[in-house]
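Every read-out reported here was derived from the displayed coordinates using simple, explicitly stated rules and does not represent laboratory data. Predicted model, so just to flag it, every value in this text is computed and none were measured. A quick note on method: Cβ atoms are made from the backbone with ideal geometry, for glycine too, and the neighbour counts reach across all protein chains shown.
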Amino acid sequence: MGSVVDAPAVVAQNEEVAENMLGGKKVTVVFVLGGPGTGKGTQCANIVEHFGFTHLSAGDLLRAEIKSGSENGTMIENMIKEGKIVPSEVTIKLLQEAMIKNENDKFLIDGFPRNEENRGAFENVTKISPAFVLFFDCSEQEMERRLLARNEGRVDDNIETIRKRFKVYVESSLPVIEYYNAKDKVKKVQPQCETLSVYRMLYYKSWVFREHDM
């Protein structure tokens, strides 16, 4: 598995990148994966500011659907409370709509795919394969500490749901990392350090987002 520190050739000129058709537009996608509370959203904001990506959080899109009061929103809310993974077709549809509506053609997709079925469905439906995967690798103890400390009032930030999410993450999400690692598309970040230090590592020591004019 690669790291952001040693990644100057991650997206070389001759490497296959995700420039596939989506509603008539070509897009480049980077998956941002990691357990709950690893700081994916914080670092995505930094990447957006400096590298011109649009950040699409699968979790934020699902929570917005819940707030809409739709029938899908009620189903999503119940599944999140139980720590379960929302059906692929629901999340993929939300991601598709967000990418089509946005004028940008470079997207960080944060928190998806969360299992192998998600991954296969996304690639089959959208015909998009990620340029690479940015993987935030964090210990369970650190993830639990961060989630309990952030106190954002989210329905899934309680100890019972957090531990269910850990179990789902280990059983379902890690195989996705292994799949892309076998394709040499995974770049790992260790987020146990302070937020600024993590971003300095991403920005100053990595060429991941600068190669291929990303």
request  = Kindly list the residues of region 160-187 that lie in the label zone of residue 116, defined by a backbone N under 15 Å from the point 7 Å along the Cα-to-C-beta vector.
outcome  = 170-183
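Highest first, please rank the peptides 47-53, 116-122 by the mean number of other Cβ atoms sitting within 10 Å of their residues.
Details: 47-53: 15.7, 116-122: 17.7.
Listed from highest to lowest mean packing, they are 116-122, 47-53.
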ask   = In nm, to one decimal, how far is the residue 96 label point from the residue 164 one, both placed 7 Å along Cα→Cβ?
value = 2.8 nm
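For region 84-147, compute the number of Lys pairs whose alpha carbons are separated by less than 18 Å, excluding pairs fewer than 8 positions apart on the same chain.
5
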Where labels lie 7 Å past Cα in the beta-carbon direction, separation of residue 127 and residue 148 in nm = 4.9 nm
